[in-house]
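Have a look at the structure below, then the notes.
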Amino acid sequence: MSTYNYGNFNGPAGLGDLGRGTIDPYAPASEGLVRLSDGLMEALRAEYPGLVRHGETIRGALMESVEDGGPPNRGRIRSALEAISIGASAGSGSLAFTQQFMHVLGL
């Protein structure tokens with residue numbers, strides 16, 4: 001049995017090995033990511049006002065990516081998401097948005 005990686009064998013579905021979606025870390029931020037950051041900001045304002053600055057960092061990195069067409073600054077986004085995940089309680093909307101960001105960005 002070969003362990004050779006055949007890459008994207010499901011065509012336009014975007015699925016790679018074992019049915020996992022492929023994530024392009026060099027793609028610019030999409031409109032969906034910006035909307036996701038809006039939801040994160042709303043949740044942070046309602047649940048953890050002290051963590052709003054981390055949400056603003058994420059939103060700023062995404063907006064910068066949209067404006068210049070380059071990839072979002074994954075390092076800034078990752079550190080902000082980690083700070084939110086440390087401060088947010090289990091079961092909160094803020095933590096759910098944080099986990100969604102980590103999944104979508106492949107962090």
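The values are calculated or read from the model by the stated rules, or taken from the named source; none is laboratory data. All figures in this text were calculated on a predicted structure; none of them were measured in a lab. Glycine also receives a Cβ, built like all others from the backbone with ideal geometry; neighbour counts cover every protein chain displayed. Surface areas here come from the heavy atoms of the whole protein model, side chains and all, with no ligands, DNA or RNA. Shrake-Rupley method; radii C 1.70, N 1.55, O 1.52, S 1.80 Å.
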Expected unfolding gain across Arg53-Arg76 under the 0.36 nm per residue rule, minus the alpha-carbon gap, is 7.1 nm
Once both label points are put 7 Å beyond Cα along the C-beta direction, the Ala83-Gln99 separation in nm becomes 2.3 nm
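Determine the gain in length on full extension of the stretch Ala90-Val66; use 0.36 nm per residue of separation and subtract their C-alpha separation, reporting nm with one decimal. Don't skip to the answer; put the middle values down first.
On the way: separation 24, 0.36 × 24 = 8.64 nm, distance 3.11 nm.
Difference between extended and current length: 5.5 nm.
Keeping every protein chain present and rolling a 1.4 Å probe, give me the accessible area per residue for segment 44-84 in Å².
Working: 2180 Å² over 41 residues.
With the other protein chains kept in place, segment 44-84 gives 53 Å² per residue.
Could you tell me what percent of the accessible area of segment 25-107 is made up of carbon and sulfur, with a 1.4 Å probe and every protein chain present?
52 percent
Can you give the net charge of the other residues whose Cβ lies under 13 Å from the Cβ of Arg45, counting K and R as +1 and D and E as -1? If you can, show how the numbers build up before the last one.
Values: positive: Arg53, Arg59; negative: Asp38, Glu42, Glu47, Glu56.
Once positives and negatives cancel, what remains is -2.
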A convex hull over the alpha carbons of segment 36-107 yields, per residue, a volume in Å³ of 72 Å³
